[in-house]
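Peer 1: Quick one: the structure is below, questions incoming.
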């Protein structure tokens, strides 16, 4: 599933074409994706100007001139393809494993007149689109109860300590809890914990004192999370299965993974001598170095 850096990469690719454009026609080539489209979906979107395009966790949010927001989630294989007059300005990223595009999976088309066309393609159809009033957006079912943004100013050692103090749940599980921190996913949590030298099975409360104050590792982990996500966005997201940029190219932060998907390979830490291990936590693979991340 595309994680926060992938979604932010897509947002940045769509923004120059979509923001300020008018959706002259919305073409729906099926009745649903993961869920049914909202009532009168095409009617509510057609004719509206896109005022802004933002991201909350792994969601894209297009604010429309009508006062409604178009909420979009990529699911596992969702991708947007831009067909615009200045499409040549979008330089492809480094190709690692091109998943290809099959036109039969072009499900939603945004016709933008002279600005071109944006097509939503989704092989597995786990993505979805919804509508909500902008004024009540963050009280909607998609965002109510959602945790802090890991790239926002709220993320700090103090915040992590306050969120995790006294928690016996594994540290990795706490970091993936969207009610605490919204948008962190399996890949980048594995990478962040490796850089911080923290074992994923340690109780989350280990980074806080008994009084809830942050230990040094809390400050370190907060900074590392921000760094890992920022680097991934700069690199264009990860190349995993079907994910692609809006220009059709694939991301390449995967080239810099230190532990993720490297089971039984040598640890990259100089002089370590251990091999990357894999365990399963809550049905997800966790990759870590037993020596660099002692329990």
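Peer 1: At what distance in angstrom do the alpha carbon centres of the stretch 9-55 and the stretch 140-172 lie from each other?
Peer 2: Going from one Cα centre to the other spans 30 Å.
Peer 1: How large is the helix-only mean residue ellipticity at 222 nm for the chain, computed as the sum of -39500 (n - 2.57) over DSSP H runs with n ≥ 4, divided by its residue count, in deg cm²/dmol to the nearest 500?
Peer 2: -6500 deg cm²/dmol
Peer 1: Let me ask you something else. With a 10 Å cut-off between alpha carbons and a GNM built on the chain, which of 139, 178, 49 moves the most?
Peer 2: Greatest mean-square fluctuation among the candidates belongs to 139.
Peer 1: Would you order 211, 46 from fewest to most other beta-carbon atoms within 10 Å of each residue's own beta-carbon?
Peer 2: 211, 46
Peer 1: When the Debye formula is applied to the Cα atoms of the stretch 189-241, each taken as the same point scatterer, what base-10 log of I(q)/I(0) results at q = 0.18, 0.21, 0.29 Å⁻¹?
Peer 2: -0.64, -0.79, -1.14
Peer 1: Additional query: For the stretch 1-44, list residues with backbone N below 20 Å from a point placed 7 Å from the Cα of residue 281 toward its Cβ?
Peer 2: 1-5
Peer 1: Okay, moving on. Mind checking the full-extension length gain between residue 179 and residue 32? Use 0.36 nm per residue of separation minus the Cα-Cα distance, one decimal, nm.
Peer 2: 50.2 nm
Peer 1: Right, here's the next one. Could you state the principal axis extents of the C-alpha atoms in the stretch 101-231, from the largest down, to the nearest angstrom?
Peer 2: Sorted from largest, the Cα extents of the stretch 101-231 read 58, 34, 25 Å.
Peer 1: OK, next. For 195, 179, which order do you get if you count the other beta carbons within 10 Å of each Cβ and list the fewest first?
Peer 2: Placing the least packed residue first, the sequence is 179, 195.
Peer 1: Ranking 193, 70 by Cβ neighbours within 10 Å, fewest first, what do you get?
Peer 2: Values: 193 27, 70 24.
Listed from fewest to most nearby Cβ atoms, that is 70, 193.
Peer 1: Length gain on complete extension for the stretch residue 40 to residue 124, per 0.36 nm per residue less the alpha carbon to alpha carbon distance?
Peer 2: 27.9 nm
Peer 1: Oh, and also: Give the dimensionless ratio obtained when the Cα radius of gyration of the stretch 157-288 is divided by 2.2 N^0.38 Å. Don't skip to the answer; put the middle values down first.
Peer 2: Numbers: Rg = 15.3 Å, N = 132, 2.2 N^0.38 = 14.1 Å.
So the stretch 157-288 has a normalised radius of gyration of 1.08.
Peer 1: Once the principal axes of the Cα atoms of the stretch 4-139 are found, what is the range along each, listed largest first in whole angstroms?
Peer 2: For the stretch 4-139, the Cα extents along the three principal axes come out at 41, 30, 27 Å.
Peer 1: How much space per residue, in cubic angstrom, does the convex hull of the C-alpha atoms of the chain take up?
Peer 2: Working: hull volume 39.0 nm³, N = 295.
Taking only Cα atoms, the chain has a hull volume of 132 Å³ per residue.
Peer 1: Could you tell me what a quarter of the Cα convex hull surface of the stretch 113-175 works out to, in nm² with one decimal place?
Peer 2: 8.2
All of the numbers you see were taken from the coordinates with simple rules; none came from a lab. No experiment lies behind these values; they were computed from the predicted model shown. We place every Cβ from the backbone using ideal geometry, glycine too, and count neighbours over all the protein chains shown.
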